[in-house]
Amino acid sequence: MNYSDCRASRNGYLMVLLLFLSGPVLAKASAADWPGWRGPAGTGVSAEQNLPVRWSPTQNVGWKVAIGGAGVSQPIVSNGRVFLTASDGRLHDRLHLYCFDRKTGRELWHVRLTGSALPEGYYPEGGMAVPTPAADGQHVYALFGTGDLACFDFDGRPVWVRSLAQEYGPFRNRWGMGASPILVGDLLVVQVDHWAPSYLLGVDAKSGRNRWKTDRDASVNWSSPVAAKVNGKTQLIVTGTYRVKSYDAADGTELWSVDGMRMQCIPSPVVQDGIAYAVSGRSGNTLAIQLDGSRGDVSGTKQILWRRPRGAPYVPSPVCYGKEYYLVTDEGVATCLDAATGATRWQERLGGTFRSSPVAGAGNIYFTSLEGYVTVVKAGPNFERPVRNHLGEGLRASPAIAGGEIFLRGEKHLFCIRMRNDE
């Protein structure tokens, strides 16, 4: 084994310990990757058509590996590798970024980091590892609750590191940092909504320097942005305090906003077929907003296609798949709506407690509970008897889908669910 210890920033405020377990493994980037929070488009949807539906501790488990530390960040898959962050509770001197081989689960390398600051609050199950990292096939970008934003190459070498806490102040958020950074081409976007001055940051992924910084009139939120093409230009749809807002990805300029959100928002918005869907939090509104290039305050205009005043989840993000739109409350009530009209198609109690967000692929919706059950429901306007799977431990994070496999973060292990060749 080869150890190296280095300071990986211009100011030397983040200590990095690299533990290399193997030499570099190169692979071609795949369209089937899951490179960031909620997948390729940030919507929780996979285009794959052949995915596992049934599994158990002894059936269809391709591999499982033990993982240390707390964390609710989603595993991501890029260029033949699986990345995962973790932390040792609220400590800022034990942050982790793991890299595994996608096919075998073998740990390729493990980076241990010392953060630059402690936030004022944190989510015990997630520690400092709530945000999901992002990857572009060559680099992985990780944000921790300490305010440290770091870029590593696929061999675990640090490229650049920043302390947002030292630059703009520690994260003042009662559950710590929850928003995940998203990649939009070569732009890394970070949403920081907290009790201190809030902001949206556009970072050059190559250099780590700001392209722009936009102040936000927002308080504590944990939602992550989603990108959408509108009339040939990229917008960033952001859910936050009382409003949904859109920003120009080129310079961070605010484009439009609509009211109807709660004070504190956790679910991330999704976009499909030119419509943005935003969820405001527990018992709040669900909005469908037409993206047509409008500017300014569009509240009460024809851009609001429909609004539902009740039944929204507090934590899980929604998923839009086909012609339907799916929600699950924290208490396990799943609802299927017509995506175009908001009309209810079905509503069923799945059972259990939900914090992770559903994902969709191969004609199914996958709902993951804290108790460790993944309930697989056939997508469509009619509810059919679901399949329930369990791996013997609780599940803390949203699933990831890549290469015909499903990756699940458990309380103690990372699992790869893979169908046998004879199925």
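The numbers here are math on the coordinates, done by the rules we state, and not lab data. Keep in mind the model is a prediction, meaning the values are calculated, not measured. No Cβ is skipped: glycine too gets one built from the backbone with ideal geometry, and neighbour counts run over all protein chains shown.
Sorting 386-395, 146-155, 47-56, 108-117 by their mean Cβ neighbour count within 10 Å, with the most densely packed peptide first, gives 146-155, 108-117, 386-395, 47-56. Going by a ≥ b ≥ c, the root eigenvalues of the Cα gyration tensor, does the chain fall in the rounded group (a/c under 1.5), the prolate group (a/b larger than b/c) or the oblate group? Oblate, since a/c reaches 1.5 and b/c is not below a/b. Cross-link pairs exceeding 30 Å in C-alpha to C-alpha distance, out of K206/K229; K206/K378; K64/K245; K206/K233; K206/K302; K103/K213, comprise K206/K378; K64/K245; K206/K302; K103/K213.
Would you mind classifying the range 88-189 by shape? Square roots of the alpha carbon gyration tensor eigenvalues, ordered a ≥ b ≥ c; an a/c under 1.5 is rounded, otherwise it is prolate if a/b is larger than b/c and oblate if not. Prolate, since a/c reaches 1.5 and a/b exceeds b/c. Cross-link partners for K412 among the aspartates and glutamates, with Cα-Cα distance under 16 Å and sequence neighbours closer than 8 places in the same chain left out: D88, E107, E125, E371, E393. At what distance in angstrom do the alpha carbon centres of the range 272-303 and the range 352-423 lie from each other? Cα centres, the range 272-303 to the range 352-423: 29 Å.
Take the alpha carbon gyration tensor of the range 156-219, find the square roots of its eigenvalues, order them as a ≥ b ≥ c, and report rounded if a/c is under 1.5; if not, report prolate when a/b exceeds b/c, else oblate.
Because a/c hits 1.5 or more and a/b exceeds b/c, the range 156-219 counts as prolate.
Once backbone amide H atoms are built at 1.01 Å from N, A339 has E324, Y325 as its partners under 5 Å, excluding neighbours fewer than 5 places away on the same chain.
Let me have the 222 nm mean residue ellipticity of the chain computed from DSSP H runs of 4+ only, each contributing -39500 (n - 2.57), with the sum over all residues rounded to the nearest 500.
Mean residue ellipticity, 222 nm, calculated: 0 deg cm²/dmol.
So what's the gap between the Cα centers of the range 224-258 and the range 129-192, to the nearest angstrom? About 20 Å separates the Cα centre of the range 224-258 from the one of the range 129-192.
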